[in-house]
Structure formats: structure tokens, C-alpha cells
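What follows draws every value from the coordinates through simple rules; no lab data is involved. Being a predicted model, the structure only gives us computed values, none of them experimental. Backbone-built Cβ (ideal geometry, glycine too); neighbour counts: all protein chains shown.
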Amino acid sequence: PLGGLTGGTSKREVLRLYREIIRTANAFYWPNEKGEPWSAVLKRSARKEFEEARNETDPLIVARLVVVGQQCVNETRNKFNAMEEQIKNRVKSTRNR
């Protein structure tokens, strides 16, 4: 397991990314069209992807997966925060009318 974690990408980095994904997923509390919370859907998807990559032995591929995963988390957080800020501003502007 995690045999490719010798070329600069440590198990600690992979676990840090996984935990960050889980924390980010918790922000998506509303349900999807089936009534299931998006947080549960996102967590399940993340787990599946990590499990699929568990036995990857090529250190370059492992490093690339971690880098791309981190970029996705950052992009998702930035978009979420921007949208949340827009909503707050919209609410504030309607209260001041």
C-alpha cells in the first residue's frame, strides 16, 4: 500500500490531502436531488478515488495525484468562499433597503 511514496511525496502529505478534502466536503451540507447530503456524496467519492490509487507504485504518478488533488481542493474552496461572500453581500444589501 502506498508503495510509491518514496519519491518526495510522503504518506503524511497524502493523509493531509485526504483530511483536507473531508473538511472541505463538510461545508456542502445541503442535499442533492436524491435527498442525500452532498458532503456524504463527496466523501464517498474521495474515498473511492484514494482507494483506487492506493497501490500506485510510480512516485511521479503519486506526486501528480497529490498536486492535482490539492489544486482541486483549493479551487473548490475559493469558488465556495466567493459564492458565500456574494450571498452575504446580497443579503446585506436587501436588508439595507
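Some points to look at:
- Label separation (E33 vs N55): 3.6 nm, computed from points 7 Å beyond Cα along the C-beta direction.
- Among the lysines of the chain, pairs at least eight places apart or on separate chains and with Cα atoms under 21 Å apart come to 7.
- Between amide H atoms placed 1.01 Å from N, distances below 5 Å from A27 occur with no residue 5 or more places distant or on a separate chain.
- Using θ = phi - 60° and Karplus 6.51 cos²θ - 1.76 cosθ + 1.60, couplings along the range 74-79 (whole Hz; Gly, Pro as x): 4, 5, 4, 4, 4, 5
- Among K34, K11, K43, the largest mean-square fluctuation in a Gaussian network model of the chain, built with springs joining Cα atoms closer than 10 Å, belongs to K34.
- Compactness ratio for the chain: Cα radius of gyration over 2.2 N^0.38 Å (N = residue count) comes to 1.38.
- Peptides 66-78, 83-95 ranked from most to least packed by the mean count of surrounding Cβ atoms within 10 Å: 66-78, 83-95.
- Relative contact order [Cα under 8 Å, 6+ residues apart], the chain, whole percent: 37 percent
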